[in-house]
Amino acid sequence: MNCGYTVAMLARNEERLAATCEQAHAFPSDVLDTAKLNGTVAYIRTHLGVPSIVIYNAVGGTFGEFMEIEPETLDPSFQVNTWRCYICPASLPMT
C-alpha cells in the first residue's frame, strides 16, 4: 500500500537530477525555456496526473558589485528568482 506522493522533479542538470532522484520521476528542464517547461508540465500531467502540490525552488545568482553588473547578466537571475516563479505555476492548470 502506497500512502505517499508521486514526485516529479525538474532541474537543468540531468546528471545531478538523476543522482538525486532515486524514488522520484526526473525531468531535465529549465524555467527560462518556457516551451520546454510547458512540454514537461504537459507530459507530467498526462503520465502522472495533475499536481496537488508544486514547490518552486529554482534559483539564479549573479555575483559582483551591483553597479558593475551588466543588465543582460543580471536579467536571467531576476527572471528565475521572480517572474518565473509566477510563470511556472501558471503553466500548471489544477483541473
Fill in the blank from the handout: Kirkwood Rh over alpha-carbon pairs of the chain plugged into Stokes-Einstein at 10 °C, 1.306 mPa s gives a D in µm²/s of 107 µm²/s
Handout entry: Helix 34-48 axis, angle to the chain major axis (alpha carbon atoms, nearest 10°)
Key = 20 degrees
Exercise for the section: Lys and Arg at +1, Asp and Glu at -1: add these up for the other residues within a Cβ distance under 14 Å of Thr40 and post the number. Expected result: +1
Fill in the blank from the handout: Of all GluC sites (Glu not before Pro) in segment 54-84, the ones in DSSP coil with at most 12 other Cβ atoms within 10 Å are Glu65
Fill in the blank from the handout: Most fluctuating of Ala58, Ala19, Ala42 in the GNM of the chain (C-alpha, under 10 Å) is Ala19
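Since every read-out is calculated from the coordinates, none of them should be taken as a lab result. A quick note: this is a predicted structure, and the numbers were derived from the prediction, not measured. Note that each Cβ is placed from the backbone with ideal geometry, even for glycine, and that neighbours are counted across all protein chains shown.
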